[in-house]
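Accompanying notes for the structure given below.
The values are calculated or read from the model by the stated rules, or taken from the named source; none is laboratory data. All figures in this text were calculated on a predicted structure; none of them were measured in a lab. Ideal geometry is used to build each Cβ from the backbone, glycine not excepted, and the neighbour counts take in all protein chains shown.
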Amino acid sequence: MKTLFIILISFLLVFPSCKKHHTPTSNQPDNPYGLPNATQTGANTLGFLLNGQAWTPQGFNGTANLSINVDFGFNKGIFGVAAYKINTGEHIGFGMRDSLNFISIPSSIPLNGRSLFQFGFASNYCFIDYYDTTVYRRGSLTITKLDKSNQIISGTFNANLYKAGCDTIKITNGRFDMKY
């Protein structure tokens, strides 16, 4: 199963969807740090605070800087989101590796070494793999909307990741709203 999930995330990074990230223009009360609004309309947005600094996908390296893959037929339903910020060289990937078909919305999934919620981070200085057992990981993913008819998945997330030799990665106020 580990190999299949690695293949899925690799697929997301190499062959992302053609949907582009739309930069938010408003600063509503739910995003005091300049993050995208926490919507559930399929706005194709993602944002979070990375160690207290606003992070949204930016730049173009030949592939979309924000993509999603959803497969309800694999492992009882999976999804994965991939994003990058070209000026910092940072990439993130997160998703659910099993049982998407069987959750009740809203649903909160914990992040730890053995959970269905997986989170990876890469920068020019550090690579935190989904399955690296030496990584400390805590957090949660809450899926707030899963609309199969309109192909929308939305939610919130947070994560604390630590790997020897890397700075601690603290992700807070995460939100995503994607069409798949």
Fill in the blank from the handout: Within segment 115-138, residues over 17 Å from Ala83 (Cα atoms) and touching a His at 6+ places or on another chain (Cβ under 7 Å) come out as none
Fill in the blank from the handout: By residue number, the members of segment 51-68 that are surrounded by fewer than 20 Cβ atoms within 10 Å (Cβ to Cβ) and part of a strand (DSSP E or B) are Gln53, Ala54, Gln58
Fill in the blank from the handout: Taking segment 136-180 and keeping residues assigned to a loop (DSSP other than H, G, I, E, B) and β-branched (Val, Ile, Thr) leaves Thr168
Handout entry: Enumeration of residues in segment 75-95 that are at pLDDT 95 or above, over 14 Å from Ile143 (Cβ atoms) and either part of a loop (DSSP other than H, G, I, E, B) or hydrophobic (A, V, I, L, M, F, W, C) (or both)
Key = Ala82, Ala83, Ile92
Handout entry: Single residue of Met96, Met178 found to be more than 22 Å from Thr63 (Cα to Cα) and either of a type in the set (A, V, I, L, M) or in contact with a Leu (Cβ under 6 Å, 6 or more places away or on another chain) (or both)
Key = Met96
Handout entry: Single condition Gly73 does not satisfy, out of (1) free of Cβ contacts under 8 Å to residues at least 24 places away in the same chain; (2) in contact with a His (Cβ under 8 Å, 6 or more places away or on another chain); (3) not polar (S, T, N, Q)
Key = (2)
Practice task
Starting from residues that are in contact (Cβ under 8 Å) with a residue 24 or more places away in the chain and in a loop (DSSP other than H, G, I, E, B), keep the ones in segment 99-122 and report whichever is surrounded by the most Cβ atoms within 10 Å (Cβ to Cβ).
Solution key: Ile103
Completion exercise
Scanning segment 129-179 residue by residue, the ones that are closer than 17 Å to Thr39 by Cβ and modelled with pLDDT under 95 total 0
Fill in the blank from the handout: Scanning segment 136-150 for residues that are touching a residue at least 24 places away in the same chain (Cβ under 8 Å) and either in contact with a Gly (Cβ under 7 Å, 6 or more places away or on another chain) or of a type in the set (Gly, Ala, Ser) (or both), the one surrounded by the fewest Cβ atoms within 10 Å (Cβ to Cβ) turns out to be Asn150
Practice task
Find all pairs meeting these conditions: Cβ atoms under 9 angstrom apart; at least six residues apart or on different chains; first residue within segment 158-177 and under 18 Å from Cys126 (Cβ atoms); second residue buried (at least 19 other Cβ atoms within 10 Å of the Cβ) and of a type in the set (D, E, K, R).
Solution key: Ala159/Arg137; Asn160/Arg137; Leu161/Arg137; Tyr162/Arg137
